[in-house]
1. Per-residue counts of other Cβ atoms within 10 Å, averaged by peptide: what ranking do you get for 516-522, 291-297, highest first?
2. Please report, largest first and rounded to whole Å, the three semi-axes of the ellipsoid equivalent to the chain, where each semi-axis is the square root of five times an eigenvalue of the C-alpha gyration tensor.
3. Among the DSSP beta bridges whose two residues both lie in the chain, what percent are antiparallel, rounded to the nearest 5?
4. By average Cβ neighbour count within 10 Å, what is the ranking of 634-641, 594-601, 6-13 from highest down?
5. Using 23 Å as the Cα-Cα cut-off, could you pick out the over-long pairs in Lys216/Lys257; Lys151/Lys590; Lys46/Lys219; Lys151/Lys215?
6. Could you give me the percent of Cα pairs per 10 Å distance bin for segment 323-455, shortest bin first, beginning at zero and ending with the bin that holds the maximum distance?
7. Taking the Cα centre of segment 229-293 as the origin and placing charges on Cβ (Lys, Arg +1; Asp, Glu -1), which of Trp246, Gly278, Gln291 is farthest toward the positive end of the dipole?
8. Could you work out the relative contact order of the chain, using alpha carbon pairs under 8 angstrom and six or more residues apart, expressed as a whole percent?
Amino acid sequence: MTTRNVGQPFVRRDGRAKVTGEARYSYEVAVPDAVYGVLVTSGIAKGRIVEIDTSAAEREAGVLAVISHKNALRLPGEPHLEGPDRVVQALQDDRIRYSNQPIAVAVADTFERAVHAAMLVRVNAEVAAHTVRVEDELHNAFPHKIMAGGKLQEPDESHGDVAAGLVAGAARVEEAYETPFETHNPLEPHATVASWSGDRLTVYDASQWVFAVKKKLAKGFGIPPENVRVVTKFVGGAFGCKGSAWSHVVIAALAAKQVARPVKLALSRHQMFGPVGGRPRTRQKVAVAAQRDGKLTAIRHETVSPTSRFDVFVEASALQARHLYASPNIESRHRIVRLDIGTPTFMRAPGESSGSFALESAMDELAHRLEMDPLALRLASYAEKDPADGKPFSSKSLRACYQEGARRFGWEKRPRTPRSQTRSGQFVGMGMATAMYPANFAPAQALARMLPDGSAQVESGTIDLGTGAYTVFAQIAADELGLPFEKVRFDLGDSDMPEAPIAAGSMTAASVGSAVLVASRALRDRLIRTAIVDSASPLHGLAPIEIRAEDGRLVATSGKSDSYVELIRRAGGKPIEERGKTAPGDEREKFSMHGFGAHFAEVLVDPDLGTVHVSRMVGVFATGRILNARTARSQFLGGMVWGIGMALHEHSVFDEKLGRIMTRDLSDYHVAVNADVGSIEPLFLEEEDAHVDPAGVKGAGELGLCGAAAAIANAVFNATGKRIRELPITPDKLL
Ligand code: MOS
């Protein structure tokens with residue numbers, strides 16, 4: 001494809017609307033006659049509701065209903081879908097399965113009255129003994145297939161003889177690593193606005209996937225899917241938690257049906273901790289061994305993570321060990337345990353981010369033991385083909401990422417030994433790590449329409465999570481149609497539009513981008529055919545191959561041309577449209593497809609206080625074609641900032657006795673803020689990849705986080721000589 005617009009750093013189309021407040025997020029959509037729903041959630045982690053007294057709440061002014069399992073409509077269907085969907089608690093029984101589970105909803109004419117009513121609900125529960133500690137359930141750990149990259153993967157995989165390989169190495173590391181429970185904290189909490197008209201349901205939802213919400217609600221309420229429309233125009237961050245329609249979505253629709261008014265329901269910040277997922281804690285073991293020259297003789301990566309009692313999520317931390325480094329012997333193993341918690345879920349780079357902390361820390365430990373440069377160790381076992389199956393990579397520029405990153409960062413200035421370099425009384429440390437994330441691609445559809453004024457309208461029911469979807473897909477269509485960027489409008493976020501996959505797994509640009517490309521190309525070809533059969537067209541009778549699209553015109557090699565405006569006018573003045581559809585094909589079987597990158601981090605550690613400041617980070621990534629240099633940079637930047645949070649701050653702390661997450665707002669649950677962030681330089685090396693998908697894109701949303709926490713942890717070791725194997729790296733662990 002020609003690339004006049006693709007790659008350009010256009011500003012986000014939705015940026016102005018967002019900063020001026022014009023953008024209507026789901027909860028803010030004006031729906032006439034709407035009333036407000038506020039959830040009542042469980043204070044205990046396990047048990048049964050014996051009595052729920054809603055009388056005081058119901059007596060209050062403006063209260064329309066307080067709905068619990070006692071008086072909730074019976075759902076005619078079980079709303080659970082397969083795939084990334086989650087089992088919900090929609091007030092259908094008296095069971096309490098985790099702390100903060102929705103158990104009732106108060107509906108009132110104002111938000112404030114609904115909040116007040118929810119507080120007046122009294123619950124008498126029979127408390128059962130709960131378990132929220134992974135350690136207590138290890139004896140019941142079991143393997144389960146893993147849903148990752150759009151396919152089911154085996155929990156265990158091994159080739160060669162790892163035990164022999166570990167013995168054969170000149171040096172070996174066998175250590176346990178741990179990452180904590182983490183909770184998504186998008187600025188926009190989950191929110192649903194549900195409105196019935198007879199048996200037709202319209203929902204505005206803070207969602208990453210309107211089609212799944214639609215199917216789930218249709219299934220639960222026993223109505224045809226075409227009766228449900230789901231709209232999501234703007235999302236204020238999601239990161240995986242909005243990839244599933246959780247309990248509150250079904251409850252909002254149920255309440256709206258029951259009070260016969262549209263209902264707006266948003267979760268409070270506190271209610272985000274439990275009922276809507278989170279990254280599960282991981283306990284990982286990594287064993288790596290290498291010869292003197294750094295060639296790996298064995299890799300073993302094992303992980304245990306919790307899921308809920310009633311649903312399954314596997315944090316796939318050991319998957320990347322199968323594909324990252326060349327070694328004759330590789331083994332990976334996933335186990336899960338059941339706890340009395342809300343079901344964990346996908347959180348930015350699920351598996352790869354938590355797993356890379358362990359694997360890339362172990363590699364750093366091995367380099368130290370071999371007295372080898374950590375980057376040289378990685379180069380010594382550079383995988384030229386996928387170690388799991390010997391398939392070639394569709395493209396892999398990791399070596400160039402290492403080189404460029406080391407050069408930009410000044411890796412050669414890395415202190416040789418811990419505690420050997422200080423700046424303003426602080427120890428200086430430098431660390432690095434590899435980033436890797438699969439290049440996912442799912443079936444997607446789009447529609448492209450040429451309007452009589454010569455501008456184009458393109459759409460697909462995907463979501464812009466803040467990633468730039470509104471902008472980058474217009475860029476792709478503009479190039480295919482030979483239009484300036486301003487002449488193409490891209491619209492999204494509506495289940496009435498052509499179907500798109502979940503906006504997750506870093507696959508939206510690849511999947512929807514390819515569908516937009518195919519639809520736009522089909523439209524251009526249709527316009528060309530229309531011109532050459534039109535006796536009034538200057539292009540009449542030419543062969544399609546002689547004609548290209550440029551500046552709003554179809555131009556022949558001879559120089560003759562016809563404009564879209566003229567062409568459509570002569571054809572009757574109606575818009576002309578085409579649909580496009582893409583899906584993964586054979587190439588997926590022939591090649592191993594991943595994005596790669598290299599992180600370099602510098603930290604300053606206070607020897608007296610144990611505080612860590614990440615003063616500098618350089619990340620160099622190669623992930624296929626870059627659609628927009630500005631939005632791609634922003635994705636990598638966000639991933640790297642998240643890496644700081646993962647390394648130093650994020651931790652959902654359970655009170656094990658109560659079975660409850662106690663860090664339940666942004667003053668307790670810490671994420672990296674401006675003061676925590678030093679200089680961050682995300683760079684990317686463009687790749688031409690003819691195999692990965694029609695758009696040549698591998699995705700950028702998650703790659704920037706993979707390996708980021710490990711690079712920081714490795715820098716902390718380089719600064720202090722202390723190896724912290726349990727995230728987050730808080731000052732107490734360094735003193
Ligand atoms: Mo993401 S965790 O793939 O939304």
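1. Numbers: 516-522: 25.9, 291-297: 17.6.
Ranking the peptides 516-522, 291-297 by packing returns 516-522, 291-297.
2. Details: eigenvalues 336, 300, 94 Å².
Each semi-axis is the square root of five times an eigenvalue, giving 41, 39, 22 Å.
3. Working: 104 of 135 bridges.
Bridges in the chain are about 75 percent antiparallel.
4. Working: 634-641: 24.0, 594-601: 30.2, 6-13: 17.9.
Put in order of decreasing packing, that is 594-601, 634-641, 6-13.
5. Numbers: Lys216/Lys257 16 Å; Lys151/Lys590 16 Å; Lys46/Lys219 28 Å; Lys151/Lys215 20 Å.
Pairs exceeding the cut-off: Lys46/Lys219.
6. The percentages, shortest bin first, are 8, 28, 28, 18, 11, 5, 2.
7. Of the options given, the answer is Trp246.
8. Numbers: 2002 pairs, mean separation 120.6, N = 735.
Over the chain, the number comes to 16 percent.
Every number in this text was worked out from the coordinates using simple rules, so none of it is lab data. Note that the coordinates shown come from a computational prediction; the quantities given were computed from them, not determined experimentally. Heads up, the Cβs are rebuilt from the backbone with ideal geometry, glycines too, and the neighbour counts pull from every protein chain shown.
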